[in-house]
Every structure is written in structure tokens, then in C-alpha cells.
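S.K.: Got a structure for you, questions after.
Coordinate-derived values only; no laboratory data. Source: prediction; values computed, not measured. Neighbour counts run over all protein chains shown; Cβ positions are idealised from the backbone, glycine included.
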């Protein structure tokens, strides 16, 4: 497994823990002393653009993103490498952080 895959899978595990808490009725989930609403670096929820939650940048860049035609996906980029994971839990994650997406 590459460093990029390790990073993306680590972020994926954290997202799954947040979503598990959201699904259990917890509105302000916390994982490893980090509140979900304070975890992402950037939220992009503008009409006509990809919905995006940036988790980390630099080395690597990891984000959860979706557009109007496709389900959310967790994407990691590092140099020329790219690694993507998909799952319905990512839609739950985006909808919580970008409620305007859920309203469409």
C-alpha cells in the first residue's frame, strides 16, 4: 500500500466514525478529540460548483467531493498518484457539513 492510500484510508476511517455517530442521532460528533464541524480545512457549497470538503492539503490533498450527477467520493492526490473511495456514508458526511446540498 502506498503512503497516499494509507492517508486516504485513515481519513476514511475517521469519516466513518463521524457518520456512525451522526446516524446514531449525535448532532455534534467527536472523533479523537476533534469536533466534526471544526475538522475540515475548507467547505465549498456554491451552486454550479462541485460540493467539496477539503480535509488536508499539501502532501497529500484529500477531499470529499460530489457534483449533481454523482455520489460523493473521497479523493486523495499526491504528486502523480490518485486514490478514490466511494460509499453512501460519504453522502451523509457531505450533507451534514453542507446542508444546502441536502436541500437540493
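S.K.: Taking 0.36 nm per residue of separation and subtracting the Cα-Cα distance, what length does fully extending residue 5 through residue 88 add?
M.R.: 27.9 nm
S.K.: Another one. What order, most packed first, do the peptides 52-61, 91-100, 21-30, 75-84 have when packing is the mean number of other Cβ atoms within 10 Å of each residue?
M.R.: 91-100, 52-61, 75-84, 21-30
S.K.: Bin width 10 Å, origin at 0, all Cα-Cα pairs of segment 3-102: what percent of pairs per bin?
M.R.: Going from the shortest bin to the longest, the percentages are 16, 51, 30, 3.
S.K.: Sketch the reach of a paramagnetic label on residue 37 as a point 7 Å from Cα along Cα-to-Cβ, and name the residues of segment 8-31 whose backbone nitrogen lies under 14 Å away.
M.R.: Under cut-off, by backbone N: 26-30.
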